[in-house]
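Here the structure is laid out as structure tokens; the discussion comes afterwards.
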Amino acid sequence: LRGARKRLEGAAEVGTAGVDFVVAIENGLVELQPGRFWDLAWVIVRRVEDGEESMAVTSGVEFPAADVQAARALPGGLASNTVGQVIAKRSGCDPQDPHSHVTRNMVGRKSALVQALMGAIATLPHEAPCKLRGIV
């Protein structure tokens, strides 16, 4: 969450004139069980009007441990390489969306991010029902 929070503050510093929300997303690889790794992303949304914030996390997609180890072994390790790049090199999939390959096209990165974004916006404190438009 620290990365998402830092991105949110950086985006807010750039300026919020004419925008309703500031959004920050931070992707991460977490080892929830020894030798098993899940890729997920935290989404933070701040409503500019009143500063209210909400957060959501994407569904986690387990990445093969062998691909995590291969990315770690590359020059620069995980600081310079992604597991998605390793999966793409091995499988020919999109390095920006290894989720689709790993889940047999059942969960794509974009759809997971959109769902988390909608969840974060929808759970912002509000007085009355609201309608969301323009979320793809």
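The values are calculated or read from the model by the stated rules, or taken from the named source; none is laboratory data. The structure displayed is predicted, hence computed values, not measured ones. Note: ideal-geometry Cβ built from the backbone for every residue, glycine included; neighbour counts use all protein chains shown. What goes into the accessible areas is simple: the full protein's heavy atoms, side chains included, and nothing from ligands, DNA or RNA. Shrake-Rupley method; radii C 1.70, N 1.55, O 1.52, S 1.80 Å.
Here is the figure for the range 31-55: residues that are part of a strand (DSSP E or B), surrounded by 11 or more Cβ atoms within 10 Å (Cβ to Cβ), in contact with a Phe, Trp or Tyr (Cβ under 8 Å, 6 or more places away or on another chain) and aliphatic (A, V, I, L, M) total 2. Within the range 93-111, identify whether any single residue is in contact with a Leu (Cβ under 9 Å, 6 or more places away or on another chain), among the hydroxyl-bearing types (Ser, Thr, Tyr) and within 23 Å of Gly3 (Cα to Cα), and answer yes or no. So far as the range 93-111 goes, no, none of its residues is in contact with a Leu (Cβ under 9 Å, 6 or more places away or on another chain), among the hydroxyl-bearing types (Ser, Thr, Tyr) and within 23 Å of Gly3 (Cα to Cα).
Just to check your reading of the model, which residue among Pro64, Pro98 is touching a Gly at 6+ places or on another chain (Cβ under 6 Å) and open to solvent by less than 80 Å² (accessible area, probe 1.4 Å)? Answer to the selection: Pro98.
Listed residues Ala24, Ala12; which is of a type in the set (A, V, I, L, M, F, W, C) and either in a helix (DSSP H, G or I) or closer than 18 Å to His101 by Cα (or both)?
Just a single option satisfies the conditions, and that option is Ala12.
Checking each residue of the range 34-45 against the condition of being without any contact (Cβ under 8 Å) to a residue 12 or more places away in the chain and not polar (S, T, N, Q) gives at least one match.
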